[in-house]
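S.K.: The following block contains the structure, expressed as structure tokens.
The values are calculated or read from the model by the stated rules, or taken from the named source; none is laboratory data. Not measured: the values here are computed from a predicted model. All accessible areas refer to the heavy atoms of the entire protein, side chains included, with ligands and DNA or RNA removed. Shrake-Rupley method; radii C 1.70, N 1.55, O 1.52, S 1.80 Å.
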Amino acid sequence: QVSPGLRTPLRPVWLCSTLGRHSVLFSTDTQLLSHWKAERVFHLYFYSGQQEQKQTAHLTIDTHSHHWEEATSEDPCSPGKRCSALEMTIRTKWEGATVSWNGTDSFF
């Protein structure tokens, strides 16, 4: 039997399988679980445990970006460009969200 603490985590945690690799996306913001307004702009941390990842990646997710903002910064997932598998995974939960790697190279 699974303990209640594992069924209902205190912090938002998502276990991912991307390109056959297991990883963890998590947030320190508890409101992300219960308050829909917290999903406007928020931070996620990504850890894969893979050798190429030296430290936990800090990602900023914006679920309400506007088309006029995209014109100033080229979308890395626009047609003809390759998009990170992790970003595509994040967009299965938050469709259309923009993902900022905050200066970290997209290693996944």
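S.K.: Any chance you could look up the accessible area of R91 with a 1.4 Å probe, heavy atoms only, rounded to 10 Å²?
M.R.: Surface open to solvent at R91 totals about 60 Å².
S.K.: Okay, next question. Counting only protein heavy atoms and using a 1.4 Å probe, what share of the accessible area of region 19-65 belongs to carbon plus sulfur, as a whole percent? Could the numbers behind the result be given before it?
M.R.: On the way: 1510 of 3010 Å².
Answer for region 19-65 is 50 percent, counting heavy atoms of protein chains only.
S.K.: Here's something else I'd like to know. Mind grabbing the accessible area of S17 for me, 1.4 Å probe, Å², rounded to tens?
M.R.: Surface open to solvent at S17 totals about 80 Å².
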